[in-house]
Amino acid sequence: IVAHDDVDDENSDYLVQEVIRQHPDLGWINPHSVNSVRIVTFLTRDNRVEIVAAMLRTSSSTSPIDNFSAGGVVAGIDVETGRLKREGLITTPRGRMLTRHPVTGTEFFGFQLPHWDELKKIVVQAQQVFHYIKSIGWDIAFTLEGPVIIEANQEWGTAGLQAANGGLLTPKNRGI
């Protein structure tokens, strides 16, 4: 993948990235997009890293775009187990709850994400490296080799996470 800033001079900036080949298990949900996880970490005053919430993001169609704000589907994740929660949510054309993916028919409830414990270790380590940012929303893809950080978001947005998890002010998060 090559991204270019649309400037045609010799000082143009380019970004070249290796293509992410998602883990085949995620292809069961939607083979048309790289289905990613948004997982939010928080660094406490005593330098412990806590996981606030997580959701799976996937395209709702054959589009490669998985963003919730662009009509994608989000489904909450049980942070302890890495299993999807009962329902997903799509905002377009009108917000509605889904128990299955609209393209593949794959049921969300209980779907086990691969490499879950490894994913949690990676985001905890990464949050410690970026200790000067107290909360980060990590976008993670799954490959056969393991989880891959796509990007880190200082402004990670709450809409999709709240919709997917029934809110963020859980007793645990209130304690944090």
* To do: Output the number of residues of segment 59-76 satisfying the condition of being in a strand (DSSP E or B) and without any contact (Cβ under 8 Å) to a residue 60 or more places away in the chain.
  => 1
* Give the residue, chosen from Val40, Val52, Val74, that is open to solvent by 30 Å² or more (accessible area, probe 1.4 Å) and among the β-branched types (Val, Ile, Thr). => Val52
* Asked: Looking only at residues in segment 57-71 that are in contact with a Leu (Cβ under 9 Å, 6 or more places away or on another chain) and within 12 Å of His101 (Cα to Cα), which one is most open to solvent (accessible area, probe 1.4 Å)?
  -> Ser60
* If you go through segment 24-40 one residue at a time, how many are within 24 Å of Gln125 (Cβ to Cβ) and touching an Asp or Glu at 6+ places or on another chain (Cβ under 9 Å)? -> 6
* Asked: Considering segment 36-58 alone, what residues qualify as being touching a residue at least 40 places away in the same chain (Cβ under 8 Å) and not in a strand (DSSP E or B)?
  -> Thr44, Asn47
* To do: Please verify whether segment 41-56 includes one or more residues that are over 23 Å from Gln125 (Cβ atoms) and touching a strand residue (DSSP E or B) at 6+ places or on another chain (Cβ under 7 Å).
  => no
* Asked: Can you tell me how many residues in segment 89-141 are β-branched (Val, Ile, Thr), open to solvent by 60 Å² or more (accessible area, probe 1.4 Å) and in contact (Cβ under 8 Å) with a residue 12 or more places away in the chain?
  -> 3
* To do: Among what's in segment 142-176 and is under 22 Å from Trp28 (Cβ atoms) and assigned to a loop (DSSP other than H, G, I, E, B), pick the residue that is most open to solvent (accessible area, probe 1.4 Å).
  => Glu145
* Can you pull out the residues in segment 9-35 that are surrounded by 11 or more Cβ atoms within 10 Å (Cβ to Cβ) and part of a loop (DSSP other than H, G, I, E, B)? -> Ile20, Arg21, Gln22, His23, Trp28, Ile29, Asn30, Pro31, His32, Ser33, Val34, Asn35
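The values are calculated or read from the model by the stated rules, or taken from the named source; none is laboratory data. Treat the numbers as computed from the prediction; the structure is a model and nothing was measured. Here Cβ is always computed from backbone atoms with ideal geometry, including for glycine, and neighbour counts include all displayed protein chains. The area values use the complete protein model at the heavy-atom level, side chains included, leaving out ligands, DNA and RNA. Shrake-Rupley method; radii C 1.70, N 1.55, O 1.52, S 1.80 Å.
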